[in-house]
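Here the structure is laid out as structure tokens; the discussion comes afterwards.
Each value in this text was obtained by applying a stated rule to the coordinates, not by laboratory testing. From a predicted model like this one, the values you see are computed outputs, not experimental measurements. Positions of Cβ are backbone-derived with ideal geometry, glycine not excepted, and every protein chain shown enters the neighbour counts.
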Amino acid sequence: MSSARRGGATFPQAAHVELRNTQLRRNLGHATRTIRAKRAAVVDELDNWQQLREAGAAIKRDVMANLDTYLVEFERAATDAGATVHWAPDADAANDLVAGIVAGHGEHEVVKVKSLTTDEIGLNDALAARGVDALETDFAELILQLDGDWSSHILVPAIHRNRSEIRDLLRRTIGPADLSDDPAALAEAARIHLRERFLRARIGISGANFAIAETGTLVVLESEGNGRMCTTLPEVLISVVGIEKLLPRFEHLAVFMQLLPRSSTGERMNPYTSLWTGVTPGDGPGEMHVVLLDNGRSDVLRDPDGREALHCIRCSACLNVCPVYERTGGHAYGSIYPGPIGAILTPQLEGIGAAASLPYASSLCGACYEVCPVKIDIPRVLVHLRGLTPKRGAERRAMRTLAWLFADAGRYRRAQRLARVLPARVAGAGPMRAWTAGRDLPAVAPQSFREWWHERRP
Amino acid sequence: MSDARDVLLGRVRAALTDRPQPAAAVLLPTPPAPADPVALFAERAGEYRAAVHRVGLTGVAALAAEICAAHGARRLAVPQDLPQAWRPHGVETTADATVSALDRVDGVLTGCAAAIAETGTIVLDGGPGQGIRALTLVPDLHICVVPAELVCASVSEAFQRVEPSVRRRRAPLTLISGPSATSDIELSRVEGVHGPRRLEIVIAGQLS
């Protein structure tokens, strides 16, 4: 996949298909209810949660305001520590860089840590086209890879699959024919399948949750240990890192290590977090590459009203609370970044024309903003992006007329009187149907407040 | 390559022509201060289904031997500089094991650099008594000795404690909170995927 968009369907078209899948809705409803409760419990136990969110937001604002400085600082620190830093303006450049490093070592197999960024650029397909087999080692990613399916959730990519569906898949592919649907047995099948591949792999590929500018350190959070396997056992490690992943100082990481696990898996801390700073002689890979990726991020940065989408730390809390996501699932968004954050990130990364229906994939209820650990005001950005989507002629003319009416008190009064006598269906007729079909037109009051006040004024 | 660098940095600078003003100073929240961090660490590490033991300063070796016996572990990998006082009697220990040899031992015994009470986390920085990262990753049983004085109350305190090793020797850090796990199947947590499936934590210090 060379771009994050899959298929040409708009969100409403894709959602209509997904909504008919009752199994999907059961799986999703169960999963999002579970994780919402877990998150709420561990967030409630921190008295300083709001301060942590403020600090997280402030640090990210600083990162974006000085991104060029921090990128250069990171490059210097990582280089001093023995890593090689590469710059990739777009997906093709990043894929070429990674493929080139793999080819330079004459390898045809790499092991991968779950990474949204490499999904975004379609790295696996790019490597496959050059005869390199990229093995996903995160359990959920492995499930999707074995089935030719794709992710529907940032954190739990196979959230749309239940245990019996997974058992059937593993029986067909890597597991014994009598595999049970006990989650422990399913995980054991993955452990056995991947063990030997980890021990023989010469090249590992990862993303990074954070990159620390002042020390050149990369950070990966995970649960299973596959991330530790991929980042410590191979001889060569290549990390593809979006430029927005930077943190200025080492001490800032402590803030995000409190925000991210509680927001994403609903745990006080995820089982494993790995930090590495270049090459450590005698411990881990002897060759380290970091690919700094733009791929549309600088376009997002250009818009002062939209750039806070880059603050996202990919926790997925906004997906789990979203009434729209809970019903449609991730595939309807047609992007590797689904849910509320995807609805503001995808149209900005790819251009509003490529995903014009996504800013409308929301009821603007604001639940996503409430849970966002870095306080991204998603509803505000959604409204901002709605303003940028291409409008039909009739809608544009109607809005212009309304603006003209509302701009003058006399005109507004006369329009109110006219609306009272006009039947409601007139407003919803003709070309305006697209706009009014999904919205109820409120009844116009028989008397405006101003008229009422006027009558009572002595 | 330098072209790509110029292109990317040029785009970022062009995007920031308005030079937004960041917050003057980021206020880092004050961490909580639990009354008894060691007790809290024991409780929270236990909630990840790690087994947690408390022992006096002189009892580590004997307890480690008991844990090995309970798991049927006869061969342990250890870091070369593991304190003599921690080495269990009657258990074969090997230092400097290769990765494939680590795949064949019954377990590993190490120390740590810090622990976090608030989250039940162990922090390794490759310092004394810890060895390389593969050591605590490949074997299926990890017995980790946590000297009580290394238990920090909060996440930020633990990061402050290990920051010097990152700055001075670029130490790789590993944070461990319970045994390896996955929640990928219907979000139910299953212990044990690729990392050690069993984690035994031995808190060593004055017993009150």
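Find the lysine pairs in the protein assembly as shown meeting two conditions, Cα atoms under 23 Å apart and a separation of 8 or more places or different chains, and report how many there are.
Value for the protein assembly as shown: 7.
Among A:210, A:230, A:243, which residue has its Cα furthest toward the positive end of the charge dipole of the range A:162-244, with +1 on Lys/Arg Cβ and -1 on Asp/Glu Cβ?
Going by the Cα projections, it comes out as A:230.
Rule-of-thumb check for the range A:132-242: C-alpha Rg over 2.2 N^0.38 Å?
Here the Cα radius of gyration is 1.15 times the empirical estimate.
In 10 Å bins starting at zero, report the fraction of Cα pairs in the range A:222-324 per bin as a rounded %.
12, 33, 39, 14, 2
Once the range B:68-129 is represented by equal point scatterers at the alpha-carbon sites, with solvent omitted, what log10 I(q)/I(0) does the Debye formula produce at q = 0.26 Å⁻¹?
Ignoring solvent entirely, the Cα scatterers give -1.12.
Please list the three semi-axes, largest first and in whole Å, of the ellipsoid equivalent to chain B, using sqrt of 5 times the eigenvalues of its alpha carbon gyration tensor.
37, 22, 17
Please give the charge dipole size of the range B:20-96, origin at the Cα centre, charges +1 on K and R Cβ atoms and -1 on D and E Cβ atoms. Round to the nearest 20 debye.
In total the dipole reaches around 120 debye.
What does DSSP give for the range B:119-208 in terms of the percent of beta bridges that are antiparallel, rounded to the nearest 5?
Once the DSSP bridges in the range B:119-208 are tallied, antiparallel ones form about 40 percent.
Going by Cα centres, the range A:98-142 and the range A:243-298 are how many Å apart?
For the range A:98-142 versus the range A:243-298, the Cα centre distance is 20 Å.
How big, in percent, is the set of alpha carbon pairs in the range A:104-182 lying more than 22 Å apart?
Across the range A:104-182, Cα pairs with separations above 22 Å total 30 percent.
Name the residue, out of B:160, B:21, B:130, whose mean-square fluctuation peaks in a Gaussian network model built on chain B with Cα pairs under 10 Å.
The residue with the greatest mean-square fluctuation here is B:21.
I need the GluC sites (Glu not before Pro) found in the range A:278-344, filtered to DSSP loop residues with at most 10 other beta carbons within 10 Å of theirs.
none
Quick one: give the max-minus-min coordinate of the C-alpha atoms of the range A:213-277 along each principal axis, largest first, in Å.
Principal axes ranked by extent give 33, 28, 18 Å for the Cα atoms.
By the scheme Lys and Arg +1, Asp and Glu -1, what is the net charge of all other residues having a beta-carbon under 11 Å from that of residue A:326?
Its environment carries a net charge of +4.
Going by a ≥ b ≥ c, the root eigenvalues of the Cα gyration tensor, does the range B:57-103 fall in the rounded group (a/c under 1.5), the prolate group (a/b larger than b/c) or the oblate group?
Since a/c reaches 1.5 but b/c is at least a/b, the shape of the range B:57-103 is classed as oblate.
Using a 4.7 Å cut-off between beta carbons, which cysteines in chain A end up with no partner cysteine at all?
A:230, A:312, A:315, A:322, A:365, A:372
With the Cα gyration tensor of the range A:22-164 giving a ≥ b ≥ c as the square roots of its eigenvalues, does the rule (a/c under 1.5 for rounded; else a/b larger than b/c for prolate; else oblate) give rounded, prolate or oblate?
Here the range A:22-164 falls in the oblate category.
Per-residue ellipticity at 222 nm for chain B, helices alone: DSSP H runs ≥ 4 residues times -39500 (n - 2.57), over residue total, nearest 500 deg cm²/dmol?
The helix contribution divided over chain B gives -8000 deg cm²/dmol.
Which GluC sites (Glu not before Pro) from the range A:1-100 combine a DSSP loop assignment with at most 16 other Cβ atoms within 10 Å?
When the GluC sites (Glu not before Pro) of the range A:1-100 are filtered for loop state and at most 16 Cβ neighbours within 10 Å, A:45 remain.
Express the relative contact order of chain A as a whole percentage, based on alpha carbon pairs under 8 Å and six or more residues apart in sequence.
About 21 percent, as a whole number.
Toward the positive end of the charge dipole of the protein assembly as shown, about the Cα centre and with charges on Cβ (Lys, Arg +1; Asp, Glu -1), which of A:85, B:134, A:8 goes farthest?
Value computed over the given set: A:8.
Viscosity 1.306 mPa s, temperature 10 °C: what is the translational diffusion coefficient of the range A:298-415 from Stokes-Einstein with a Kirkwood Rh over Cα pairs, rounded to a whole number of µm²/s?
103
Do the sum for chain A: with -39,500 (n - 2.57) for every DSSP H run of n ≥ 4, divided by all residues, what is the mean residue ellipticity at 222 nm, to the nearest 500 deg cm²/dmol?
Calculated at 222 nm, the ellipticity per residue is -15000 deg cm²/dmol.
What does the average come to when, for each residue of peptide A:70-78, you count the partner chain Cβ atoms lying within 10 Å of its Cβ?
Mean partner-chain Cβ count within 10 Å for A:70-78: 1.
Could you work out the longest stretch of chain A that avoids the trypsin sites (Lys or Arg not before Pro) located in DSSP loops with at most 12 other Cβ atoms within 10 Å?
Between the exposed loop sites, the longest stretch runs A:21-391.
Can you compute the label reach from residue A:109? Point 7 Å from Cα along the Cβ direction, backbone N cut-off under 17 Å, restricted to the range B:100-143.
B:100
For the protein assembly as shown, what proportion of DSSP beta bridges, expressed in % and rounded to the nearest 5, is antiparallel?
30
Give me the net charge for the shell around residue A:77: Cβ to Cβ below 10 angstrom, other residues only, Lys and Arg +1, Asp and Glu -1.
-2
Once the mean 1/r over all distinct Cα pairs of chain A is inverted, what Kirkwood radius in angstroms do you read off?
It works out to 24.1 Å.
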